[in-house]
Each structure stands twice: as structure tokens, then as C-alpha cells.
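J.: Following this message is one structure expressed as C-alpha cells.
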Amino acid sequence: MKLAEMLNERKTTKQRIVLINERLHLAAKIQEGDKAPVEPPEELKTELLECYDKLAEAIVLINKANIETLVEGKSLMELIATRDKHVSIAAVLHKLAEHAGPERGIFSKNEVRFLPAVDIREVRKEADVHAKRARDMDNIIQAANWNTEL
């Protein structure tokens with residue numbers, strides 16, 4: 001199995017856990033006078049625990065592969081950390097530029113006017129550089145995910 005396939009399996013298992021958990025909560029109580037819930041809570045609980053076991057196994061395999069797989073002399077774990085850093089920096093800088101921009105809806109000259117304390121254009125350019133680095137890094141990671149056997 002490829003690392004990319006295991007990542008998809010992990011995602012599917014996480015989604016399944018959410019759904020089973022919701023069903024378990026619905027089956028946890030029955031109205032007085034009813035005989036039994038539509039789905040037996042014990043069976044749902046067993047299924048949920050099996051999903052958590054499957055998720056834990058997937059996480060171990062993924063983390064092990066991320067540490068052991070080298071791309072351009074760096075582990076996938078390092079590449080993921082670098083990508084996530086650039087994603088976070090880009091998001092912060094885009095938000096900074098957004099908040100530094102002019103306010104909409106000033107109705108009179110008596111209202112306090114706020115001016116940008118940063119060069120919005122330069123902040124956006126810097127954010128775009130980090131966003132591109134994150135995309136480029138993600139392409140490398142995705143390629144490695146499809147080339148890595150577990």
C-alpha cells in the first residue's frame with residue numbers, strides 16, 4: 001500500500017469515527033416505553049473502538065513513513081513541518097494585510113479614521129511568496145506520498 005492510500009484511509013477512518021460517535025449518542029437513550037434503540041449501543045461502541053484501533057495503526061504507519069522517507073536529503077516529516085510553517089505565515093500575513101486595509105462604511109468626517117501601519121502591498125507580496133513555497137513543498141510531499149510503499 002502506498003503512503004498516499006494510507007493517508008486516505010486515515011481520513012476515512014476519522015470521518016467514520018465521527019459518524020459512529022453521532023449514532024452512538026443517538027442510541028444512548030430511548031424513550032420510556034420503547035423497547036430498544038434502532039441501533040444497539042454496545043455494537044456501535046464495539047465498532048467505534050475497532051475504528052480507533054484502526055486509526056492508531058494508520059497513524060503509526062504514517063508517522064514511521066514520514067520519518068524514514070527521505071526526499072532531497074530531508075525526511076517527509078521535515079518537509080511537512082516546513083510546508084505547515086509557510087502555510088501559517090502566509091495566513092497570518094494575509095490577515096495582517098486584510099486588517100490594515102481601509103475600513104468600509106465611514107459615514108461622516110467626525111468619525112475616527114484609521115490608517116495602515118504597514119505597507120499592505122509588501123505584506124501581500126510576502127504572504128504570496130510563503131503561499132507559493134507551501135504549494136511547491138506540498139507538490140513534493142504529494143509526489144513522495146504516491147511513491148512511498150508502506
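Here, each number is a calculation from the coordinates, and none is a lab measurement. Source: prediction; values computed, not measured. Note: ideal-geometry Cβ built from the backbone for every residue, glycine included; neighbour counts use all protein chains shown.
J.: Using 7 Å Cα-to-Cβ label points, what is the K95/K54 separation (nm, one decimal)?
T.: According to this spin-label approximation, the distance is 3.5 nm.
J.: Which lysines have a Cα less than 25 Å from the Cα of K29, not counting those fewer than 8 places away in the same chain?
T.: K14, K45
J.: Out of the trypsin sites (Lys or Arg not before Pro) in segment 1-58, which ones are loop residues according to DSSP with at most 10 other C-beta atoms within 10 Å?
T.: Counting only loop positions with at most 10 other Cβ atoms within 10 Å, the trypsin sites (Lys or Arg not before Pro) in segment 1-58 are K29, K35.
J.: Could you pull out every one of the lysines with an alpha carbon less than 25 Å from that of K95, ignoring same-chain neighbours closer than 8 positions?
T.: The qualifying lysines are K85, K125, K132.
J.: With helices defined as uninterrupted DSSP H runs, which ones in the chain have an alpha carbon span along their own long axis of at least 18 Å and mean Kyte-Doolittle hydropathy of at least -1.0?
T.: Going by DSSP H runs, the hits are 3-27, 41-68, 76-100.
J.: Among the GluC sites (Glu not before Pro) in segment 1-86, which ones are in a DSSP loop with at most 14 other Cβ atoms within 10 Å of the Cβ? Mind listing them?
T.: Qualifying residues, ordered by number: E32, E72.
J.: Which label marks the calculated value of Cα Rg over 2.2 N^0.38 Å, given the options (i) 1.12; (ii) 1.64; (iii) 1.71?
T.: Given (i) 1.12; (ii) 1.64; (iii) 1.71, the calculated one carries the label (ii).
J.: Then there is this: Compute the whole-percent fraction of alpha carbon pairs in segment 1-68 spaced more than 15 Å apart.
T.: 58
J.: Any idea what log10 I(q)/I(0) is at q = 0.13, 0.17, 0.20 Å⁻¹ for segment 49-134, Debye with uniform C-alpha scatterers and no solvent?
T.: -0.65, -0.81, -0.93
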